[in-house]
Amino acid sequence: MSHAKSVAKLGVLLVWVAASVGCSHPMQIKNLEMYAVPVLLGGGGEPTRIAITPFSGTPDELWYHNALVSGLARDPMFSNVQTDYIPRLAKNDETKPDILLSIKPRVNYRSSGWNFLINWPGFLIFTPAWNGYVYRADVMSVFQLQSVDGETLDHLEVPMTYSMRHADSDRTTVAELSWFEVSSMAFFGGIYNANVFDRDAIAPFHSQAKDNYATYVLAQARTRIRNAATSVRAKREQAAEVEADDTESVDE
């Protein structure tokens with residue numbers, strides 16, 4: 001009888017430990033500092049007028065697109081930032097931009113083979129809870145810079161890979177239950193976790209990465225945008241001078 005009570009107490013203790021310690025692992029971006037750069041604002045000279053073409057990506061890519069658009073709109077280096085701009089539908093020359101900007105982020109969320117070991121035999125020491133599962137977010141931010149007349153001025157690609165640790169309770173529960181059942185639950189759960197990214201990690205990842213992502217990408221892009229705008233203005237001024245000379249010649 002005493003032995004049975006001891007086993008029962010041990011079972012209760014294990015349930016308590018699993019519930020209080022092994023529920024989840026909060027989002028942690030391991031390499032956030034790798035993309036940390038100073039916030040750059042302004043830069044002198046006349047602000048560049050930007051028009052951004054309509055978004056045409058996937059729902060996953062929309063968040064990255066919007067983060068970059070918001071960053072451009074807050075930067076005093078740029079003015080009159082327009083979105084969903086289609087040149088043939090533009091009605092007012094006063095709002096004509098210096099640069100037509102196409103922003104096309106591409107993102108791939110992926111899991112890791114390490115998640116198999118984290119699940120099995122890692123469940124024995126509650127590894128999913130204290131370490132989290134390993135995930136990656138591969139983000140390629142693509143910029144196409146054009147004049148309003150359609151001339152391609154520049155092309156820029158900014159690659160980033162975020163390394164995440166995260167464990168949602170719906171995944172750790174399977175591993176924890178292996179303490180009371182056969183370990184095959186953690187074994188097959190590990191195979192699943194190693195191959196399938198947990199989309200529950202996306203929202204907390206976005207919350208931590210937004211400013212870091214937009215600041216880093218725009219730090220690479222802002223000078224290229226300014227240089228392209230300078231080129232466009234120089235061509236406009238040259239064309240205006242030629243037109244003025246032609247007008248003077250006709251008058252003479």
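The values are calculated or read from the model by the stated rules, or taken from the named source; none is laboratory data. These numbers come from a predicted model, not from an experiment. For neighbour counting, all protein chains shown are included, and Cβ atoms are generated from backbone atoms with ideal geometry for every residue, glycine included.
Taking the stated definitions as given, is Ile50 surrounded by 13 or more Cβ atoms within 10 Å (Cβ to Cβ), outside any loop (DSSP other than H, G, I, E, B) and more than 22 Å from the chain's Cα centre (by Cα)?
No; evaluated as a whole, the condition is false for this residue.
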Can you go through Ser102, Ser112 and tell me which one is within 20 Å of Leu68 (Cβ to Cβ) and not β-branched (Val, Ile, Thr)? Ser102
Tally the residues that are in a helix (DSSP H, G or I), surrounded by 19 or more Cβ atoms within 10 Å (Cβ to Cβ) and at pLDDT 95 or above, restricting the search to the range 188-204. 2
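Conditions (1) modelled with pLDDT of 85 or more; (2) surrounded by fewer than 18 Cβ atoms within 10 Å (Cβ to Cβ); (3) closer than 24 Å to Thr230 by Cα, marked per residue:
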residue	(1), (2), (3)
Met27	yes, no, no
Leu32	yes, yes, no
Tyr64	yes, no, no
Leu72	yes, no, yes
Met77	yes, no, yes
Pro87	no, yes, yes
Asp93	no, yes, yes
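Within the range 140-159, which residues are in a strand (DSSP E or B), surrounded by fewer than 20 Cβ atoms within 10 Å (Cβ to Cβ) and touching a residue at least 24 places away in the same chain (Cβ under 8 Å)?
If the condition is that a residue be in a strand (DSSP E or B), surrounded by fewer than 20 Cβ atoms within 10 Å (Cβ to Cβ) and touching a residue at least 24 places away in the same chain (Cβ under 8 Å), then Met140, Val142, Gln144, Leu153, Asp154, Leu156, Val158 are the ones that fit.
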In the range 150-181, residues that are at pLDDT 85 or above and either out of contact with any strand residue (DSSP E or B) (no Cβ under 9 Å at 6 or more places or on another chain) or of a type in the set (S, T, N, Q) (or both) total 4
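Please go through the range 221-252 and pick out each residue that is small (Gly, Ala, Ser) and modelled with pLDDT under 90.
Taking the range 221-252 as the starting set, the residues that turn out to be small (Gly, Ala, Ser) are 221, 228-229, 231, 234, 239-240, 244, 249.
Result: Ala229, Ser231, Ala234, Ala239, Ala240, Ala244, Ser249.
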For Pro105: the one exception among (1) surrounded by 13 or more Cβ atoms within 10 Å (Cβ to Cβ); (2) more than 30 Å from Val196 (Cα to Cα): (2)
Residue by residue through the range 73-128, note down the ones that are part of a loop (DSSP other than H, G, I, E, B), within 16 Å of Val148 (Cα to Cα) and not small (Gly, Ala, Ser). Thr83, Asp84, Tyr85, Ile86, Lys91, Asn92, Lys96, Pro97, Asp98
